[in-house]
Amino acid sequence: TEKSRKTADPAADSSPKLGTDKHQNETTSKKKLCVKAAKEHSIPEDLNKVLENKVMETVLDLSYVKLSVLEIMCSGDTDREGIVSKSVSSHSDLIPGVYEGGLKIWECTFDLMEYFSEAEIEFTNKTVLDLGCGAGLLGIVALRGKADRVHFQDYNSTVIDEITLPNVVANCINEGRRMGSGKDRKASKTPSKRARKAEGSPNVLNRCRFFSGEWSQVSQLLLSSNKPFSKYDIILTSETIYNPDYYSALHDTLAELLDKNGCVYLASKVHYFGVGGGIYLFEKFIEKKNVFRTNMVKTINQGLQRCIMEIAFKDSC
Ligand code: SAM
């Protein structure tokens, strides 16, 4: 029911109802959330396929899938007839089960991108995780900043397949031209025009990995995998602390995956009305755990109050 739904930003009409399953009550949803398995998504060899049927838009010189014309495959169907256009008047209609908001780009992503420029955050040669990535713009900025490796995680696998991966591919394709003037770029590009350019640009993708699933499960997958894994120098996370029920999993995931001298850049609204989470509550949670130190490095007062927090291990240099 509407009452059992939670939203990170009820002020915005189009905001998704987060952490809920349309067909289940809240208690069942939470249970389901706890066991949502982690999965690594492979990068298709044919990158043209990733961008097939996608219409891209640009913001701040970054390409992203235009959600209003997002087309998703019917499960099991692989031919063109199997492709169904969905109206996205309700984002959560595209996602089976619990949806955590990754289909839309949330405003704190832009706050964090602005902060990277202002504070001249260095990504060169760094290992980066975009945690709760959604569109993945933060990770894409890190890739452009010559990060050595960038991993993307979202709760929902549909978000990774239909939004994050296509966005990374689209921006890799544009990588060469980006160094020139990006301003004359068209706002939207048709799939056929891009298809020719998808060849020969997999190098950037070799530096990426994609994961879906609940945070603790993803952490477990990474740490127990046979593939070599080194902890992250930088973890980027925007609009992920709206629900206090997830604080423990989030905190422990940061503690498990961050390098001992690494840094988390967290962007958030000060308070998430209707859900109860917010920056001060999370700050208190961190204090109690006594593992990390925090530093509020920026507050933004236009619209809903927002801020950027840096988090590092207490005993780091
Ligand atoms: N960072 C993106 C942005 O700023 O546009 C998306 C923000 S969206 C509101 C919240 C993100 O956190 C989603 O990508 C969701 O998948 C992830 N998330 C929330 N709770 C999670 C959980 N318990 N486990 C794993 N991922 C979670």
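The values are calculated or read from the model by the stated rules, or taken from the named source; none is laboratory data. It should be emphasised that the depicted structure is a prediction, and the values quoted were computed from it without experimental measurement. Cβ coordinates were reconstructed from backbone atoms using ideal geometry, including for glycine residues, and neighbour counts include every protein chain displayed. Side chains are part of the model used for accessible areas, which takes the heavy atoms of the whole protein and leaves out ligands, DNA and RNA. Shrake-Rupley method; radii C 1.70, N 1.55, O 1.52, S 1.80 Å.
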Region 213-227 scanned against label point 7 Å out from Ala37 along Cα→C-beta; backbone N under 17 Å for 213-226
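Per residue, how big is the convex hull around the C-alpha atoms of region 199-301? Give it to me in cubic angstrom, could you?
Details: hull volume 16.1 nm³, N = 103.
About 157 Å³ per residue, rounded to a whole number.
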Region 107-136 scanned against label point 7 Å out from Asp148 along Cα→C-beta; backbone N under 17 Å for 122-130
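Can you list the trypsin sites (Lys or Arg not before Pro) in region 217-308 that are in a DSSP coil and have 16 or fewer other beta carbons within 10 angstrom?
Counting only loop positions with at most 16 other Cβ atoms within 10 Å, the trypsin sites (Lys or Arg not before Pro) in region 217-308 are Lys231.
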Quick calc: nm separation of the 7 Å Cα→Cβ label points for Phe229 and Glu118 -> 3.4
For region 204-317, the per residue accessible area (1.4 Å probe, Å²) is 44
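With r as the distance between the Cβ atoms of Gln220 and Leu281 and R0 = 22 Å, compute the FRET efficiency 1/(1 + (r/R0)^6) and round to 0.05. Walk me through the numbers on the way to the answer.
Working: r = 26 Å, r/R0 = 1.17.
So the FRET efficiency works out to roughly 0.30.
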